[in-house]
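Contents: one structure, followed by commentary.
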Amino acid sequence: MTSLIVARSELILGGQKSGKSRRAELLARDWLAASNTHQAVLIATAQPWDEEMGERIARHQTDRAERVPGLRTVEEPRYLSEAIAQHSRPATLLVVDCLTLWLTNWLMPMAQAPEDNSGPNRPLAGVPIDSIALLLDALIRAPGPVVLVGNEIGLGVIPMGAEVRSFVDALGCLNQEVARVCQRVTLMVAGLPLTLKDAP
């Protein structure tokens, strides 16, 4: 089995069930296998919005524990920059899964109905502007490798609802900003990786 090469930072994008989380897990598995001093931490951003989401989270936790037993999980739905700064070490690989839910947690918080969170008509309007800057800075300064997982949802038809269009725009802008500072960007399609960027 060929080992994957871990980049200093990698953004893995893809559609639902494209294999993006699996690739991140494989990177963590190979990182842990490379040295007995290596550690890996998953920063989970998902929140149990409803019963189905709670079941999905529990299923992912169980499956992940079987596939990569050495991958430790911490939950941080909003403050990613702080979590990266807290857990990043030269011998520790971080997996952030996922940026899409992180953005959702800011734009449509559980304590507030989505229709009450319209805000100005501009991408990322519901996210504190310093949160984006702090996230990018944390990625640049992280002493260990960071793998980020996110959805690419802008390839389909244009949504009819203004709120959904705004979210698609915001996610596209976020993905561009994170891709700009990451060493590697990978697009997953049908379980196959396509390298979009691989800077030295």
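The values are calculated or read from the model by the stated rules, or taken from the named source; none is laboratory data. Since this is a predicted model, take the numbers as computed values, not measurements. Here the Cβ is made from the backbone with ideal geometry for all residues, glycine too, and neighbour counts use every protein chain on show. Areas reflect the complete protein model, heavy atoms only, side chains present, ligands, DNA and RNA absent. Shrake-Rupley method; radii C 1.70, N 1.55, O 1.52, S 1.80 Å.
Just one of the numbered conditions (1) over 22 Å from A138 (Cβ atoms); (2) modelled with pLDDT of 90 or more is not true of A65: (2).
Using the structure shown, decide if A46 is modelled with pLDDT of 95 or more, touching a helix residue (DSSP H, G or I) at 6+ places or on another chain (Cβ under 9 Å) and surrounded by 17 or more Cβ atoms within 10 Å (Cβ to Cβ).
Against the criterion (modelled with pLDDT of 95 or more, touching a helix residue (DSSP H, G or I) at 6+ places or on another chain (Cβ under 9 Å) and surrounded by 17 or more Cβ atoms within 10 Å (Cβ to Cβ)), A46 does not qualify.
Just so you know, in the range 137-163 the residues that are modelled with pLDDT of 95 or more and part of a helix (DSSP H, G or I) include one that is most open to solvent (accessible area, probe 1.4 Å), and it is R141. Flag: I84 matches the condition of being of a type in the set (A, V, I, L, M), at pLDDT 95 or above and part of a helix (DSSP H, G or I). Here R23 passes the criteria (1) out of contact with any helix residue (DSSP H, G or I) (no Cβ under 7 Å at 6 or more places or on another chain); (2) more than 13 Å from V149 (Cα to Cα) except the one numbered (2).
Only one entry of T92, T37 meets the criterion of being of a type in the set (V, I, T), open to solvent by 80 Å² or more (accessible area, probe 1.4 Å) and on the phi < 0 side of the Ramachandran plot, and that entry is T37.
For the range 138-163, the set of residues classified as free of Cβ contacts under 8 Å to residues at least 24 places away in the same chain and not hydrophobic (A, V, I, L, M, F, W, C) consists of G154, G156, P159, G161, listed by residue number.
Taken over the range 61-78, the residue count meeting the criterion of being within 25 Å of S131 (Cβ to Cβ) and either without any contact (Cβ under 8 Å) to a residue 12 or more places away in the chain or over 17 Å from the mean Cα position of the chain (by Cα) (or both) is 0. When E66, E75 are checked against the criterion of being in contact with a strand residue (DSSP E or B) (Cβ under 9 Å, 6 or more places away or on another chain), open to solvent by 90 Å² or more (accessible area, probe 1.4 Å) and among the acidic types (D, E), E75 stands alone in meeting it. In the set (1) at pLDDT 95 or above; (2) surrounded by 13 or more Cβ atoms within 10 Å (Cβ to Cβ), G54 fails one condition alone, (1). Before we move on, is P109 open to solvent by 60 Å² or more (accessible area, probe 1.4 Å), at pLDDT below 95 and not in a helix (DSSP H, G or I)? So P109 does not fit the description; no. Please enumerate the residues belonging to the range 164-200 that are surrounded by 14 or more Cβ atoms within 10 Å (Cβ to Cβ), over 20 Å from L134 (Cα atoms) and free of Cβ contacts under 8 Å to residues at least 60 places away in the same chain. Correct list: S166, V168, D169, K197. Name the single residue, out of those in the range 12-32 being assigned to a helix (DSSP H, G or I) and within 19 Å of E152 (Cα to Cα), that is least open to solvent (accessible area, probe 1.4 Å). Among those that are assigned to a helix (DSSP H, G or I) and within 19 Å of E152 (Cα to Cα), it is A24.
Pairs linking a residue in the range 41-57 that is over 21 Å from A24 (Cβ atoms) to a residue that is modelled with pLDDT under 75 and assigned to a loop (DSSP other than H, G, I, E, B), with Cβ atoms under 6 Å and 6 or more positions apart or on different chains, are G54/P48.
Are any of the residues in the range 33-40 assigned to a strand (DSSP E or B) and touching a strand residue (DSSP E or B) at 6+ places or on another chain (Cβ under 6 Å)?
For the range 33-40, residues assigned to a strand (DSSP E or B) and touching a strand residue (DSSP E or B) at 6+ places or on another chain (Cβ under 6 Å): present.
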